[in-house]
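The values are calculated or read from the model by the stated rules, or taken from the named source; none is laboratory data. What you see is a predicted model; the values in this text were computed from it and never measured. Neighbour counts run over all protein chains shown; Cβ positions are idealised from the backbone, glycine included. For the accessible areas, the whole protein counts, side chains as well, though only heavy atoms, and no ligand, DNA or RNA atoms are used. Shrake-Rupley method; radii C 1.70, N 1.55, O 1.52, S 1.80 Å.
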Amino acid sequence: MSEVTVTRMAPGGMITLRGDPAEVGAAAAGVTRAEVPGPLTITGDGVRGLGWMAPDELLILLPADEVAEALERLGADLDGVHHLAVDVSDARSRFALEGRGVRDIVQKLTPADLSEAAFPVGCLRRTRLAQVAGAIWMAEESRIEAICFRSVTDYVETLLRTAAEAGPPGFHAPL
Amino acid sequence: MLTLRCPACGVMADETELAPGGEAHLTREGPGSTDEAFEAYLFLRKNPRGVHFERWRHAMGCGKWFHAARCTVTLEVFGTYPAQTSGPPEEILAAIEARRPGWQG
């Protein structure tokens with residue numbers, strides 16, 4: 001039996017914010033109280049956070065019931081600034097993997113380098129989970145969170161559970 | 001296995017995270033061009049044995065297009081550079097010249 005548990009998390013609130021980070025970063029930080037993330041990182045406490053998704057895209061994580069208010073505030077703060085803010089809470093699913101050897105479990109499904117040096121805590125990476133696109137981030141040492149499109153939720157859940165069941169192969173840590 | 005560094009996000013992306021976009025630096029022929037030029041734009045590709053410039057999209061990552069210079073024989077990658085250019089930059093040409101002297105001849 002594996003020591004890694006896979007949990008399908010309750011859908012939280014997610015907003016995609018696109019625009020020049022120098023112009024929209026402060027407003028995003030304002031609604032989450034998280035720092036503006038640098039490339040390939042995520043900031044915040046897991047409930048409220050900011051993820052760097054692309055050079056012109058931030059992912060805002062926040063409780064589901066705060067999304068409408070946050071969108072209104074973003075619209076007001078960014079009035080006149082070229083940007084796009086969309087509620088994508090229902091478009092995505094979120095998973096948490098926790099336990100010893102969690103890097104190994106996810107490494108089975110992605111070509112991204114998940115070694116401690118390349119993927120430290122706070123690092124976010126959009127990549128491929130077997131056959132579909134997903135984003136993974138290192139929330140804590142021994143905890144990885146993953147998001148994928150909602151249409152492939154069942155596929156990704158089965159994938160993660162199957163990977164976790166077989167146990168870590170020992171890519172990144174001695175067994 | 002081909003691994004390219006995406007110049008937009010800095011990730012070392014595996015080939016399976018990328019979508020190929022074919023030969024780079026084509027001149028887009030449109031209305032007013034000759035039939036021969038339009039045909040060449042649509043169908044005729046260099047398909048060289050050796051140095052090749054290509055377009056790739058970081059489809060499973062940041063989603064941005066970029067360019068790569070690589071050798072089609074050895075899969076050696078000479079470098080990647082942003083999409084917003086109509087020709088390879090000097091440092092890429094220098095890197096290719098260092099590895100494949102006289103490649104243009």
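Points to keep in mind about this one:
- Counts of other chain beta carbons within 10 angstrom of each beta carbon in peptide B:59-66 average 5.
- The relative contact order of segment B:1-59 comes to 42 percent, based on Cα pairs under 8 Å that sit 6 or more residues apart.
- For segment B:1-53 versus segment A:92-164, the gap between their alpha-carbon centres in whole angstrom: 31
- Taking all protein chains as they are arranged and a probe of 1.4 Å, the heavy atoms of residue A:136 leave approximately 0 Å² accessible to solvent.
- Computed over chain B: relative contact order in percent, which uses C-alpha pairs under 8 Å that are six or more apart: 24
- Ordered by solvent-accessible area of protein heavy atoms (1.4 Å probe), largest first, the residues B:64, A:108 come out as A:108, B:64.
- Exposure of residue A:132 as accessible area (Å², to 10), given a probe of 1.4 Å and all protein chains: 20
- Based on DSSP H segments of at least four residues, each scored -39500 (n - 2.57), chain A has a per-residue ellipticity at 222 nm of -7000 deg cm²/dmol.
- Per-residue shielding of A:127-133, expressed as the average number of other chain Cβ atoms within 10 Å of the residue Cβ, stands at 3.
- HN-Hα J in Hz across segment A:54-69 - Karplus 6.51, -1.76, 1.60, θ = phi - 60°, x for Gly and Pro: 6, x, 10, 9, 10, 9, 9, 9, 6, x, 4, 7, 9, 5, 4, 5
- Residue A:77 contributes about 80 Å² of solvent-accessible surface, heavy atoms of the protein only, 1.4 Å probe.
- Considering only B:20, B:31, B:88, the Gaussian network model of chain B with Cα springs below 10 Å gives its largest mean-square fluctuation to B:31.
- Nonlocal amide H pairs with residue B:5, under 5 Å, H built at 1.01 Å: B:13
- Compactness relative to 2.2 N^0.38 Å, alpha carbon Rg of segment B:50-105: 1.16
- Estimated purely from DSSP H runs of n ≥ 4, each contributing -39500 (n - 2.57), the mean residue ellipticity at 222 nm for chain B is -5000 deg cm²/dmol once divided by its residues.
- Shielding of A:107-120 by partner chains, average beta-carbon count, 10 Å: 2
- Rounded to whole numbers, the Karplus 3J(HN,Hα) couplings from phi for segment A:23-31 are 9, 9, x, 4, 5, 5, 5, x, 7 Hz, using 6.51 cos²θ - 1.76 cosθ + 1.60 with θ = phi - 60°, and x at Gly and Pro.
- Segment A:18-49 and segment B:67-100: distance between their alpha carbon centers, rounded to Å: 34
- Sparse-neighbour loop sites [trypsin sites (Lys or Arg not before Pro); segment B:33-62; at most 14 other C-beta within 10 Å; DSSP]: B:45, B:46, B:49
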